[in-house]
Amino acid sequence: MKKTYIRPLDLRHGSVDLSHGGGGRAMVQLIGEVFGRAFDNEWLRRGDDGAVLPAPAPGERLVMATDAHVVSPLFFPGGDIGCLCVHGTINDVAVMGARPLYLAASFILEEGFPLAELARIVASMAAAAKAAGVPVVTGDTKVVERGKGDGIFITTTGLGALPAGRELSGANARPGDTVIVSGTLGDHGMAIMARRENLAFESEIRSDTAALHGLVAAALAAVPQTRVLRDPTRGGLAATLNEIAQQSGVGIVLDEAAIPVDPQVAAACEFLGLDPLNIANEGKLVAICPADAADALVAALRAHPLGARAARIGEVIADEHRFVQMKTAFGGRRMVDWLAGEQLPRIC
């Protein structure tokens, strides 16, 4: 039988059309030439509706996390929606104490979206997944009519293996524990905001987006008694600590002078009337551990490239009201509360 010729996609000048989501030849071509080529691995290559994957080691449990990414703009200093969706889902699995194993990805594309931008985003995802050692093994693609979407939305799901006996949870903080962050706060949110609003500063603010499973592994190897790990994304440090305080039934007191914030980020926040504690991060950890293990945990974080500016920033206290408070540089105290609304929409 004569093989039908299919013209290759014009990845430089072409754009997504409705046939790319219609289940026919055009969709198969898009999946093969863009997604399959970038994510190529033995599970994806089978072309099934799901992936049959090797089980983790005996005694390990599975951890699954999923996240949708609607960031605007799609490309920003330090990253893009592609690497961000890989890093964010890997981190959600890692802060549970699990070893990330596999990713799934779902794409909602708008008719007319440039194929060149799609290929660039998928290549960024593939590079991030390869660097992390966590392959994209299955996925789905849908196309909506022009004007019914906003270019591209991506949902990623991660699967990881949790060793027997390891229990990390926001409900584990205890009075007397130490609160630690792995580095400067607010970098990602302010990088997005600066690009979105065309703000120019003395030096460019870059997103901190990164896969944190290596940093988590180093921290837990050094201090296995770590009680809580979280990545302070939307809502920033303030939302993360308020959530932990509610889960654990405790209060938290922070030391303002100890919290690391890059001067450029601090200046941008002051200019815009924003608080760095409310700004999203995509490459930082919050850790809570017993006080007698805090020095060892900080040292382990600082020994890793992604934790070089780790710092002790506060302590857990008994407080039936479950308040998060800040000891200010002027010697007073203020509440560190949840945001009342969406301060910076579409940042992750």
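Is it the case that some residue within the range 159-182 is of a type outside the set (A, V, I, L, M, F, W, C), under 17 Å from the mean Cα position of the chain (by Cα) and in a loop (DSSP other than H, G, I, E, B)?
Yes: the range 159-182 contains one or more residues that are of a type outside the set (A, V, I, L, M, F, W, C), under 17 Å from the mean Cα position of the chain (by Cα) and in a loop (DSSP other than H, G, I, E, B).
So which residues in the range 43-73 are of a type in the set (A, V, I, L, M, F, W, C) and either open to solvent by less than 30 Å² (accessible area, probe 1.4 Å) or out of contact with any helix residue (DSSP H, G or I) (no Cβ under 9 Å at 6 or more places or on another chain) (or both)? Steps first, please.
Of the range 43-73, the ones of a type in the set (A, V, I, L, M, F, W, C) are 43-44, 51-53, 55, 57, 62-65, 68, 70-71.
The answer is Trp43, Leu53, Ala55, Ala57, Leu62, Val63, Ala65, Val71.
So which residues in the range 115-151 are surrounded by fewer than 16 Cβ atoms within 10 Å (Cβ to Cβ) and not in a helix (DSSP H, G or I), if there are any at all?
Scanning the range 115-151 gives Gly133, Asp140, Lys142, Glu145, Arg146, Gly147, Lys148, Asp150.
Report the residue count in the range 259-297 for those that are open to solvent by 30 Å² or more (accessible area, probe 1.4 Å), outside any loop (DSSP other than H, G, I, E, B) and of a type in the set (A, V, I, L, M).
5
Condition test on Ile252, is it open to solvent by 30 Å² or more (accessible area, probe 1.4 Å) and under 27 Å from Ala94 (Cα atoms)?
So Ile252 does not fit the description; no.
Could you check the range 188-207 and list, in sequence order, the residues that are open to solvent by 20 Å² or more (accessible area, probe 1.4 Å) and within 29 Å of Val134 (Cα to Cα)?
Arg206
Of a type in the set (A, V, I, L, M, F, W, C) and farther than 19 Å from Ala310 by Cβ: does that describe Leu274?
yes
Specify the residue that is surrounded by the most Cβ atoms within 10 Å (Cβ to Cβ); the eligible residues are those in the range 13-42 that are part of a loop (DSSP other than H, G, I, E, B) and in contact (Cβ under 8 Å) with a residue 60 or more places away in the chain.
Filtering the range 13-42 for residues that are part of a loop (DSSP other than H, G, I, E, B) and in contact (Cβ under 8 Å) with a residue 60 or more places away in the chain, the one surrounded by the most Cβ atoms within 10 Å (Cβ to Cβ) comes out as Val16.
Identify, please: which residue in the range 194-234 is out of contact with any Asp or Glu (no Cβ under 9 Å at 6 or more places or on another chain), modelled with pLDDT under 95 and part of a loop (DSSP other than H, G, I, E, B) and is, among those, nearest to Ala98 (Cα to Cα)?
The extreme case among them is Glu204.
Check Val253 against each of (1) in a helix (DSSP H, G or I); (2) at pLDDT 95 or above and name the one condition it does not meet.
(1)
The values are calculated or read from the model by the stated rules, or taken from the named source; none is laboratory data. Just so it is clear, the model here is predicted, and its values are computed rather than measured. All Cβ positions, even for glycine, are placed from backbone atoms using ideal geometry, and neighbour counts span all protein chains on display. These area figures cover heavy atoms from the full protein model, side chains too; ligands, DNA and RNA do not enter into them. Shrake-Rupley method; radii C 1.70, N 1.55, O 1.52, S 1.80 Å.
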